[in-house]
Amino acid sequence: MKISSSAVQEPEQELYLLLTNMFILLDDTDRQFFGEFGLSTRQFWALHHLDESESLSMVDLSRLLLTDKSNVTAITDRLEAAGLVKRSPAPQDRRVILLSLTPEGRKRHDEVYAAHQNRIRTLIGGDEDALYTVIRTLEPIRQRLAEYLHPRVPQASTTQTTPTGK
């Protein structure tokens, strides 16, 4: 017997489809929004991660952007050509390339970030209590997904110390 697409779904599937659809809508909204500033979504998030630190290696940035190193190279090439980031060798290891924002990059990030925060408030804003209820409801689901993708390595002993002895 074929189940029609209009059949009642389990709440887990319904929530999954809702979240998937929201992700697609948010992703497309961000793509269009950042495009108004001449940036791709990943270029903006690269600027944002660089704004949060003095500098990042290209490997670290690739991890933060959840993308491979070759994609970070292309992102960096475009941002560097626009005068928004600069590359420099790491003092401790010249094989490592560090990225940092230029003054123009910091200015562009701050401008786009403020506009993005306003856009988020416009699109998602509403009753604060209701929003916090949604956050409290979704956070355990997010934690389960993160644990599924990146399971914690069990500790061999509870008396283990860090390399510094602490």
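Coordinate-derived values only; no laboratory data. Just so it is clear, the model here is predicted, and its values are computed rather than measured. Cβ sites come from the backbone with ideal geometry, for glycine too, and all protein chains shown count toward neighbours.
Where in the stretch 50-65 does the amide nitrogen come within less than 11 Å of the point 7 Å from the Cα of ASN71, taken along Cα to Cβ? Flagged as within label range: 62-65.
Length available on full extension from ARG87 to GLU36: 0.36 nm per residue minus the Cα-Cα distance, which gives 15.8 nm. Say we join alpha carbon atoms closer than 10 Å with springs in a Gaussian network model of the chain; which of LEU98, LEU145, LEU79 then has the biggest fluctuation? Sorting by GNM fluctuation, first place goes to LEU145.
Compute the signed sum of charges (Lys and Arg +1, Asp and Glu -1) over the other residues within less than 14 Å, Cβ to Cβ, of SER40. Please report the intermediate quantities before stating the final value.
Working: positive: ARG31, ARG42, ARG78, ARG108; negative: ASP27, ASP28, ASP30, GLU36, ASP77.
Overall, the nearby charge balance is -1.
Seen against the Cα atoms of the chain and their longest principal axis, helix 103-124 is set at about 10 degrees. Rounded to the nearest 20, the Cβ-based charge dipole of the stretch 30-144 about its Cα centre (Lys and Arg +1, Asp and Glu -1) stands at 400 debye.
Relative contact order (percent) for the chain, with alpha-carbon contacts under 8 angstrom and 6 or more residues of separation? That works out to 16 percent. Please work out, to two decimal places, the log10 of the ratio I(q)/I(0) at q = 0.18 Å⁻¹ from a Debye calculation in which every Cα of the stretch 30-144 carries one identical scatterer. Treating every Cα as an identical point scatterer, log10 I(q)/I(0) equals -0.94. From its DSSP helices (H runs of at least four residues, each -39,500 (n - 2.57)), the chain gives a residue-normalised ellipticity at 222 nm of -20000 deg cm²/dmol.
Label point 7 Å out from TYR148 along Cα-to-Cβ: which residues of the stretch 8-34 have amide N under 16 Å? Once the point is set 7 Å along Cα→Cβ of TYR148, 10-21, 23 turn out to lie under 16 Å by backbone N, inside the stretch 8-34.
Summarising the amide proton neighbourhood of VAL96: residues at separation of 5 or more, or on other chains, whose placed amide H is nearer than 5 Å comprise ALA90.
Work out the FRET efficiency for ASN21 and TYR113 from their Cβ-Cβ distance, taking R0 = 25 Å, and round it to the nearest 0.05. Present the calculation step by step, with values, prior to reporting the outcome.
Numbers: r = 26 Å, r/R0 = 1.04.
The calculated FRET efficiency here is 0.45.
Our estimate of slack between THR137 and GLU80, defined as 0.36 nm per intervening residue step minus the Cα-Cα distance, is 16.4 nm.
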